[in-house]
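Asker: First, the structure itself, so that you have it in front of you.
The values are calculated or read from the model by the stated rules, or taken from the named source; none is laboratory data. Just so it is clear, the model here is predicted, and its values are computed rather than measured. Ideal geometry is used to build each Cβ from the backbone, glycine not excepted, and the neighbour counts take in all protein chains shown.
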Amino acid sequence: MKALQTLLPVLFLLTFTVSKAQEAGDGRLKEITGMAAKDTLGWTIGGGVGLDLSGMGLLNPKVGSGGNRIGLGGLGTIFANRKEDKWFWDNGFSLQLSAQRLSKTSVNQSTGFQKNLDVVRLTSRYGHKLGNDKWFVAADFFAQTLLLKTYASNYLSPINNTDRIVARFLSPVQITLSPGIDYKPNEHLSFFYSPTGLQLIYVASDSIARTGVHGNDVTRDATGSITSYKKSFLGLGSEFKAAYNNKYFGNRLSVTTGLRLFSNYLKEPQNVDVLFSNNFSIAIFKGLSLDLLGEYFYDNDVKVQKDVNGDGYYEVTINADGTTSGPDRLGRGGQWTGAFLLKYSKIF
């Protein structure tokens, strides 16, 4: 009996010790498993799809009612980011498309779809820590082009036999590669600066390059007249980028803002290229949101359409030799873009 009384406390102590050791082992196993999963996967991948749809139909409209219209548009985004102890690598791809179809009027003589927006963008930035969590030596990559053919009439298909293609995929494409310093004061804000950024504008099509509207370089004679159009333009300059993203009101409102400035040392450095993008996203329920997009674009080498007569239409005909005709004209200026989208987002 005494032996049993002596053995019971020993068995209890042994059981307690084994139990605690097993709990500690299970906890460590979960920790190791979690670390292994992080090291194996490492990437945060996600994306979103937005839809912009509007329309109105009228049969025998009364005077002053206007005409039929239908608008189709969308936004698709994909991102893949990875962050380790001493480095990060952020990648993003976006596609914006929008077109509208208006009923035939005295001004609009076509019933096809007009292109409103066509932008394809690819971004990538790699950074390596410089001793603390806020400063990184980094390299930034940016590429932008369009997806669909665009005709001189701005329609998706030719409206007559003389309507010619003025833009298409990789005609033009703008590429910027910039080594520099990235400063991240917190998880919501970043500032990037490069004193030696390279910017390339390339037009793959010879006929589109001859229009001279996409920023590609030209050859001039002694009098200053253009003798030929090159297919590319190379700039070396200073680039600055700022980015901000945060959530408010219990994660119901998401704000994303980006600013890009580029000054070309080789040609009119006082005229700074600007890309200022903003996205305000209001959550409706999980994954679904209402997004408001706003963007301002200015490139000193890229021409935009100017509504000279103020009638609200952009009627510019681009001829084969690069000259223009019509009531309106091409020139330097900024492009404003705004859109409402119903968007679904998912992080994988």
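Asker: Can you pull out the residues in the range 120-160 that are of a type in the set (Val, Ile, Thr), part of a strand (DSSP E or B) and modelled with pLDDT under 95?
Answerer: THR150
Asker: Quick one: what pairs do we get from the range 265-281, first residue in contact (Cβ under 8 Å) with a residue 60 or more places away in the chain and closer than 30 Å to TYR248 by Cα, second hydrophobic (A, V, I, L, M, F, W, C) and assigned to a loop (DSSP other than H, G, I, E, B), C-beta under 9 Å, 6+ apart or different chains?
Answerer: none
Asker: Here's a follow-up. Being among the acidic types (Asp, Glu) and either in contact with a strand residue (DSSP E or B) (Cβ under 7 Å, 6 or more places away or on another chain) or more than 20 Å from ALA243 (Cβ to Cβ) (or both) is the requirement here; does ASP182 meet it?
Answerer: yes
Asker: Let me ask something additional. For residues in the range 218-249 being charged (D, E, K, R) and touching a residue at least 12 places away in the same chain (Cβ under 8 Å), which is nearest to ASP206 (Cα to Cα)?
Answerer: LYS231
Asker: Taking the options THR223, THR211, name whichever one is modelled with pLDDT under 90, exposed (fewer than 10 other Cβ atoms within 10 Å of the Cβ) and β-branched (Val, Ile, Thr).
Answerer: THR223
Asker: I need a count of the residues in the range 117-145 that are without any contact (Cβ under 8 Å) to a residue 40 or more places away in the chain and touching a Pro at 6+ places or on another chain (Cβ under 8 Å).
Answerer: Qualifying residue count for the region: 1.
Asker: With respect to LEU236, determine if the residue is of a type in the set (A, V, I, L, M, F, W, C) and closer than 19 Å to ALA143 by Cα.
Answerer: yes
Asker: Might you let me know whether the range 210-217 holds any residue that is over 24 Å from LEU147 (Cα atoms) and either hydrophobic (A, V, I, L, M, F, W, C) or assigned to a strand (DSSP E or B) (or both)?
Answerer: No - not one qualifying residue is present in the range 210-217.
Each row is one residue, and each column tells you yes or no for (1) of a type outside the set (Gly, Ala, Ser); (2) surrounded by 15 or more Cβ atoms within 10 Å (Cβ to Cβ).
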site: TYR151; (1), (2): yes, yes
site: ILE165; (1), (2): yes, yes
site: THR176; (1), (2): yes, yes
site: SER194; (1), (2): no, yes
site: LEU198; (1), (2): yes, yes
site: ASP206; (1), (2): yes, no
